[in-house]
Amino acid sequence: MNHPKRYTITAALPYTNGPIHIGHLAGVYVPADIYARYLRLIGKDVAFICGSDEHGVPITIKAKKEGVTPQDIVDKYHAIIKTSFEDFGISFDNYSRTSAKIHHDTAQEFFKTLYNKGEFIEEVTEQLYDAEADQFLADRFVTGTCPKCGNEEAYGDQCEKCGSSLNATDLINPKSAITGNVPTLKQTKHWFLPLDKHEAFLKEWILEGHKKDWKPNVYGQVKSWIDDGLRPRAVTRDLDWGIPVPIEGADGKVLYVWFDAPIGYISSTKEWADRVGKDWEPYWKDKDTKLVHFIGKDNIVFHCIIFPAMLKAEGSYILPDNVPANEFLNLEGNKLSTSKNWAVWLPEYLEEFPNQQDVLRYALTANAPETKDNDFTWKDFQARNNNELVAIFGNFINRVVVLTDKYYGGVVPEASEFSDVDQDTLAALKAYPDVIASSIERYRFREASQELLNLARMGNKYLADEEPWKLVKTDEVRTKTIMFVALQIASALATLSEPFLPFTSDKLKSILGINSSDAIQENLMNNSWNDISSKDVLLPTGHQIGKAELLFSKIEDDTIQQQLDKLVASKKANEVANRKVEPQKETITFEDFSKLDMRVGTIIEAEKMPKANKLLVLKVDTGIDVRTIVSGIAESFTAEEVIGKRVTVLVNLAPRALRGVESEGMILMTEAEDGKLVFVNPDTTTGAKVPNGLQIS
Ligand SMILES: [Zn+2]
């Protein structure tokens with residue numbers, strides 16, 4: 001495989017208006033981390049860069065709602081998000097934030113360079129305006145119908161349903177997100193990046209240059225935008241939260257969040273370089289640097305069209321070599337949603353599954369939405385843990401360590417002559433680094449994770465076929481050779497699992513005694529990725545390993561059920577919150593109302609109406625008489641449970657026959673949250689009237 005001199009790897013800047021969930025981890029951060037860790041293991045010069053995206057309209061909306069400042073919002077979530085990344089072992093070289101001074105300076109300088117080169121169009125146009133809020137409406141401040149797909153909840157900058165990138169004035173039936181008003185048009189001056197001017201370059205660079213190596217989902221989206229024709233795009237906004245436009249005559253205007261956010265990769269790289277005493281420029285400007293953006297599919301237009309056009313217009317920067325965007329991860333069949341609390345939040349996961357970060361990393365990788373939307377289910381999570389991590393990976397390591405301890409006091413035994421099977425096994429072992437690397441370098445992380453598991457599978461099969469626990473009684477020499485081979489596989493797993501399961505890899509190295517400072521100094525056993533192929537001995541005879549420790553533990557059904565119950569509770573809460581309220585019926589007069597005669601009755605007999613699922617035939621004491629009422633409540637109650645219930649009865653309803661039984665009145669019911677019927681249940685005595693005459697007016 002050909003490698004450039006250095007790598008700049010960026011992961012989408014998370015937006016600081018909420019914590020992060022499994023969808024973010026699966027879509028962007030775990031694959032990016034696997035890639036970065038792998039490259040470091042093969043000895044590459046890597047800058048793995050990220051930071052919080054702290055500008056833009058949703059943050060100001062959230063701040064307004066909560067009665068705090070936008071800075072309060074971003075401070076809070078920046079801290080939460082940063083901690084989650086650290087907790088899950090996402091190994092950024094630098095995690096910055098776009099409110100940092102270095103970023104404001106870098107973004108303003110970038111804008112000025114383009115401005116001075118005449119790369120913008122300056123234009124006074126009519127923009128949507130909310131007079132009541134005294135605010136221009138762009139981006140998330142305005143919603144309306146998408147002109148491309150008809151989605152009625154499209155935003156002023158993007159339709160999340162079809163992925164179209166929009167201008168606010170494109171929306172059909174626009175509505176202000178602040179007041180709900182229909183906006184008017186008002187003149188304002190803005191600076192536009194003429195994307196149409198870059199169309200030829202984008203066509204050549206992507207449509208011709210990256211036809212083969214970019215993922216089909218990314219390439220296809222980009223192609224459809226370019227085929228649609230690109231238009232100038234405003235890169236400034238009338239807002240008070242963001243980076244001020246650094247030129248004269250731009251008071252009250254800030255850079256569009258999608259103009260400043262990708263520049264955040266550059267400023268975060270600068271911050272890192274300052275800190276570690278490096279020069280940042282080669283990481284962004286040297287042709288021998290490979291730039292890779294890890295993002296979710298909703299960010300494709302910004303990373304494949306707008307940001308490259310900006311970099312190209314600036315003139316001194318390299319362009320991304322690849323943008324391996326993932327599709328979306330769903331949760332138990334439904335779209336992940338922050339507002340509907342349909343998510344698995346990382347801080348919550350860690351509380352409920354302490355020290356099991358690798359299980360989630362693994363489940364999300366093995367089922368990553370690489371080529372199409374995919375579903376995370378708790379059952380799959382449990383199966384990945386129990387059937388793969390516990391039964392295959394953990395089981396193999398445990399057998400090797402326990403047997404080595406039992407037979408040899410934990411000392412790696414001496415190998416004698418290798419059998420054909422031994423030789424084949426060791427040869428297969430040496431092939432694994434390349435096999436896994438080839439998948440990683442093609443951004444096929446699912447495939448890579450399964451190859452890693454195949455190595456553990458091979459180890460298990462080797463032990464099961466060779467049966468050292470039987471041979472130990474008859475052939476000590478052969479047993480030693482078998483255990484020596486098995487220990488080499490265990491050692492390879494400690495290294496090759498690092499990108500995928502960094503916590504497990506650490507633990508395994510410690511069990512095998514290969515991450516102690518002595519072992520590292522001797523450079524004998526803490527192997528690099530390529531050592532697995534090139535070295536004949538990974539764990540030498542005579543080396544002392546430690547005691548067995550469980551790497552993974554079984555996850556029981558009730559633990560999974562608790563998670564499913566939590567989701568069911570979320571769903572119910574959403575249904576209640578989103579229940580459609582029926583419109584009020586036509587107004588009636590007081591006279592109409594006073595015609596109703598309602599009394600409190602007691603059900604004294606009840607039986608199911610034969611051949612009718614919904615009907616119960618009741619005898620009700622109304623205080624006036626005992627009468628028959630047929631009631632459609634049989635799906636909510638059995639006959640037995642309603643006897644003795646006190647109910648509200650409309651007694652002067654004209655009698656009507658239901659299935660041949662005459663019903664003389666109506667029992668008033670209402671509905672519980674789950675749709676079950678409930679009696680309007682008066683806490684009084686039989687025969688009491690529900691007053692509706694003049695006496696209460
Ligand atoms: Zn749309």
Modelled label reach - S416, point 7 Å along Cα→Cβ, the stretch 461-492 residues with backbone N closer than 12 Å
474-482
Using Cα positions and a limit of under 29 Å, work out the lysines in reach of K461, with same-chain residues fewer than 8 apart set aside.
K379, K406, K430, K470, K473, K480, K507, K509, K535, K547, K554
Roughly how many debye, to the nearest 20, is the charge dipole of the stretch 544-697 about its Cα centre, given +1 on each Lys and Arg Cβ, -1 on each Asp and Glu Cβ, and no other charges?
200
Once Rh for the stretch 233-381 is found with the Kirkwood sum over Cα pairs, what is the Stokes-Einstein diffusion coefficient at 4 °C and 1.567 mPa s, in µm²/s?
69
FRET efficiency, T371 to D134 (Cβ-Cβ, R0 41 Å, nearest 0.05):
0.30
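Sorted from fewest to most neighbouring beta carbons within 10 Å, what does the list V222, V30 look like?
V222, V30
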So what's the convex hull volume per residue for the Cα atoms of the stretch 122-247, in Å³?
126
Once you charge only the Cβ atoms, +1 for Lys and Arg and -1 for Asp and Glu, what is the size of the charge dipole of the chain about its Cα centre, to the nearest 20 debye?
680
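Where does the stretch 328-414 land on Rg(C-alpha)/(2.2 N^0.38 Å)?
On the way: Rg = 17.8 Å, N = 87, 2.2 N^0.38 = 12.0 Å.
The reported ratio for this selection is 1.49.
Would you list the membrane-span-like helices of the chain, meaning whole DSSP H runs whose alpha-carbon atoms span at least 15 Å along their axis and whose mean Kyte-Doolittle value is at least 1.0? All intermediate terms of the calculation are to be shown ahead of the outcome.
Working: long enough: 30-41 (16 Å, 0.27); 70-87 (26 Å, -0.59); 101-116 (22 Å, -0.95); 216-228 (18 Å, -0.77); 257-276 (28 Å, -0.12); 395-408 (19 Å, 0.11); 420-441 (32 Å, 0.10); 445-466 (32 Å, -0.66); 476-496 (30 Å, 1.07); 557-578 (31 Å, -0.85).
Correct list, ordered by number: 476-496.
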Kindly provide the Kirkwood hydrodynamic radius of the stretch 341-474 in Å, to one decimal, from all pairs of distinct alpha carbon atoms.
17.4
Cα radius of gyration and Dmax for the stretch 164-212 (Å)
17.2, 48
For A431 and K101, what is the calculated FRET efficiency with R₀ set at 41 Å and r taken between the beta-carbons, to the nearest 0.05?
0.25
Label-to-label distance, nm, for residues given as H3 and E586 (7 Å Cα→Cβ offset):
8.0
Given 10 Å bins starting at zero, what is the percent of C-alpha pairs of the stretch 211-288 in each, up to the one with the largest pair distance?
15, 24, 34, 25, 3
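Rounded to a whole number, what is D in µm²/s for the chain from Stokes-Einstein with the Kirkwood radius over alpha-carbon pairs (20 °C, 1.002 mPa s)? Don't skip to the end; give the middle numbers.
Working: Rh = 30.2 Å.
After rounding, the answer is 71 µm²/s.
In what sequence do V292, V28, V402, V344 fall when counting other Cβ within 10 Å, fewest first? Don't jump to the answer; show the numbers that get you there.
On the way: V292 20, V28 26, V402 12, V344 23.
Lowest count first: V402, V292, V344, V28.
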Modelled FRET efficiency - R0 22 Å, Q544 with D506, Cβ distances, 0.05 increments
0.75
May I ask you to give the average projected area over all directions of the convex hull of the Cα atoms of the stretch 55-197, in nm² rounded to one decimal?
11.3
Suppose the chain between N341 and E476 were pulled fully straight at 0.36 nm per residue; how much longer would it get relative to their current alpha carbon spacing?
42.6 nm
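Readers should treat all values here as calculations from the given coordinates under stated rules, not as data from a laboratory. Quick caveat: nothing in here was measured; it's all calculated off a predicted structure. All Cβ positions, glycine included, derive from the backbone under ideal geometry; neighbour counts span all protein chains shown.
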